[in-house]
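The values are calculated or read from the model by the stated rules, or taken from the named source; none is laboratory data. Nothing here was measured: the structure is a model prediction, and the numbers come from that model. We place every Cβ from the backbone using ideal geometry, glycine too, and count neighbours over all the protein chains shown.
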Amino acid sequence: MNRISVGDASLTSILQRQGAALKADMQRASTEVVTGRQTDTAAAVRGDLTTLAALDASLGRLAAYRSTAADAGFLSGAMQTTLATLTSVAGPAATALLRAASMTTPSQVNTAAAEARVRLDTALGAINTQVAGRSVLSGVETGVSPLGTAEELLAALETAVTGATTTDAIETAVRGWFADPAGYGTFYRGGVAQAPVPIAPGESADLAVTALDPAFRDTLAGLAMAALLDRGLMNSQPSARVDLANRAGLMLQNSEDARVGLAARIGIVEAQIETASTRNGAEDSALKIARSAIGAVDPYEAASRLEELQAALEALYLVTARVSRLNLAEYIR
């Protein structure tokens, strides 16, 4: 019988192919030992990727909810900060105006009016606050400031109170301008309130708050009426100025209810966002655990497989080394 032998070149090629295959297998085995997952997930699930696709889709939706919930929480926090600033402005202004009215001295009224004018700037600045390049209280028009400047506001009010000769008439004109869509409504530059934001499956956070809310409008009305005194309103009638200072102080005091009410409504939404975020986080963790279980490898089996491949590769290297040393002199010997 004739023997069929493999030539040196063919044997070398075979050994090289085997070496390359063993190295590739070792690389995969090493990866599986480190990650605890099979490198070929499709093979692990026998080509049925339905469950894996469903898990990935759910994780993607939760990631979107996480983003919108974080954005809503950021927005609600900014609103609460604005309200806190208004309260810190309105409280001292109301106290100063009521104290000045009780003293009935022109200098005290002048000082309180000047202070109210400065605080009006602060209040408008807080309402016009932009966070991450977006106006918080402009509704859908996040690219513009919701309100104009204090100078523009007071100029419009001066026009509105023109012809009013009594404190009753002036207060009525100021209140009317702030309640009028053609007054404060046109001073507002933002858009309609934003739609509810989805924060979890079947759940949305409603932060439909703009600078048109009474919490902001009533506070500005009290500050603005007091600031008109700083611009010389009723200068020739000291007693009327005292009365207006008292009325402005009371307006600011009464505006606290609207601010507290709005802060409470936003606080409820903040709690809702926190609860939804916690629930989303728990579901995300559970889904990730379930996904990790698909295609997971047994650590002991993976380590044993790696050792086997290392031993096979070492044996191949030994054979290759011996074959590479074969020559005629070694054969004859």
Go through (1) in the same structural domain as residue 102 (by TED's automatic domain parsing); (2) crowded, with 17+ Cβ neighbours inside 10 Å; (3) farther than 30 Å from residue 196 by Cβ; (4) modelled with pLDDT under 95 for residue 316 and report which single condition fails. (1)
So which pairs qualify, if the first residue must be in segment 188-217 and closer than 22 Å to residue 255 by Cα, the second must be buried (at least 20 other Cβ atoms within 10 Å of the Cβ) and of a type in the set (Lys, Arg), the Cβ gap must be under 7 Å, and the two must be at least 6 apart or on different chains? 215/259
Could you give me the residue pairs with C-beta distances under 6 Å whose first residue belongs to segment 144-161 and is in a helix (DSSP H, G or I), whose second residue is acidic (Asp, Glu) and surrounded by 14 or more Cβ atoms within 10 Å (Cβ to Cβ) wherever it lies, and which are 6+ apart or on separate chains? 150/121
Of all residues in segment 82-106, which are buried (at least 18 other Cβ atoms within 10 Å of the Cβ) and of a type in the set (Ser, Thr, Tyr)? 82
